[in-house]
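Data first, discussion second: the structure below is written as structure tokens.
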Amino acid sequence: MNITAKGLTKIYGSGENRVVALDKADLQIASKEFISIMGPSGSGKSTLLHLLSGLDRPSSGSLTYDGRDIYSMGDRELSAFRRRRIGFVFQQFNLLPVLTARENIIMPLLLDKKQPEEAYVKRLTDVLGLGGRLTHLPGELSGGQQQRVAIARALIAQPDIIFADEPTGNLDNRSGSEVMEVLKNIWEDMDKSLVIITHDSRIARMAKRQFHITDGVLSEVTAG
Ligand code: ADP
Ligand code: ADP
């Protein structure tokens, strides 16, 4: 899936409170690309991620997925599009505490009135090393295990692209490395595009294309 963002701009507030959170960002993401976006706190990373994934709409600019104009969709159509085509991984895992790991993983399908394919559930949970943990509640799992459950949930609907917002931000170094390792394996084995937001330069460097964002201005920094 090819994603093209042109002139994406997001302005919050007005008058003295006016903030240009994102300033005319241009970005193309080809099928199966792995890109990272790095920048300090308050630089516009979350704003960019929300716009690129259709969680929010810009003040100006356009976004297409395989030529389809995302912001021309109504809210219901856009949220259905996100559920089917886009996977999200957040810093805080965002698992439902009263559901088991397995129930959390298949929840997106149930919301779409679909049944899980057992072979795919097994493949995913094997890749993510979760086989023995599927009946555990999130509170019974380590941070690294919870994030791997969240990654399985992001993949269950077989999306084309995964957006990960500081996926290792809540983990110690070792669990963070494990989570990055599984994300990279998934990117290599499952033909997904992967967009990672991070302020960790070691993680940013794992990506094939690297971007920086400073005060809302996006630029590519990938060295040859
Ligand atoms: P980052 O993710 O890099 O920390 P954000 O995209 O969250 O940065 O924020 C970029 C800028 O936009 C910051 O100056 C922030 O204060 C401002 N901002 C973000 N969201 C809002 C909002 N809902 N209302 C007003 N200002 C906002
Ligand atoms: P991480 O570094 O992945 O966040 P933690 O420091 O949270 O890991 O946990 C370390 C170990 O303790 C893990 O192997 C995990 O299985 C176990 N563990 C963490 N929290 C719990 C819990 N609430 N119940 C049972 N085991 C736990």
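The values are calculated or read from the model by the stated rules, or taken from the named source; none is laboratory data. Treat the numbers as computed from the prediction; the structure is a model and nothing was measured. Note that we place each Cβ from the backbone using ideal geometry, even for glycine, and neighbour counts take in every protein chain shown.
Would it be correct to say that residue 52 is away from ligand 2 (no atom under 16 Å from the Cβ) and either touching a residue at least 12 places away in the same chain (Cβ under 8 Å) or small (Gly, Ala, Ser) (or both)? So residue 52 passes the test. The test for being in contact with a strand residue (DSSP E or B) (Cβ under 7 Å, 6 or more places away or on another chain), away from ligand 1 (no atom under 16 Å from the Cβ) and part of a helix (DSSP H, G or I) holds for residue 71.
Scanning segment 129-168 for residues that are within 16 Å of ligand 1 (Cβ to nearest atom) and under 27 Å from residue 115 (Cα atoms), we see that the one that is nearest to the chain's Cα centre (by Cα) is 163.
Go through the residues of segment 96-118 one by one and say whether even a single one is surrounded by 18 or more Cβ atoms within 10 Å (Cβ to Cβ) and of a type in the set (Lys, Arg). Within segment 96-118 (the criterion being surrounded by 18 or more Cβ atoms within 10 Å (Cβ to Cβ) and of a type in the set (Lys, Arg)), the answer is yes, since at least one residue qualifies. Checked against the criteria, residue 165 does not count as of a type outside the set (A, V, I, L, M), out of contact with any helix residue (DSSP H, G or I) (no Cβ under 9 Å at 6 or more places or on another chain) and touching a residue at least 40 places away in the same chain (Cβ under 8 Å). Residue count for segment 85-134 under the criterion of being of a type in the set (S, T, N, Q) and on the phi > 0 side of the Ramachandran plot: the result is 1. Could you say whether any residue in segment 169-190 is in contact (Cβ under 8 Å) with a residue 12 or more places away in the chain and within 16 Å of ligand 1 (Cβ to nearest atom)? Yes, segment 169-190 has at least one match.
For every residue, the table says whether it meets (1) loosely packed, with under 15 Cβ neighbours inside 10 Å; (2) under 24 Å from residue 192 (Cα atoms).
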position	(1), (2)
6	yes, yes
16	yes, no
21	no, no
34	no, yes
38	no, yes
42	yes, no
47	no, yes
52	no, yes
55	no, yes
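Check segment 79-86 and report whether any residue there is away from ligand 1 (no atom under 16 Å from the Cβ), at pLDDT 95 or above and hydroxyl-bearing (Ser, Thr, Tyr). Scanning segment 79-86 turns up no residue that is away from ligand 1 (no atom under 16 Å from the Cβ), at pLDDT 95 or above and hydroxyl-bearing (Ser, Thr, Tyr).
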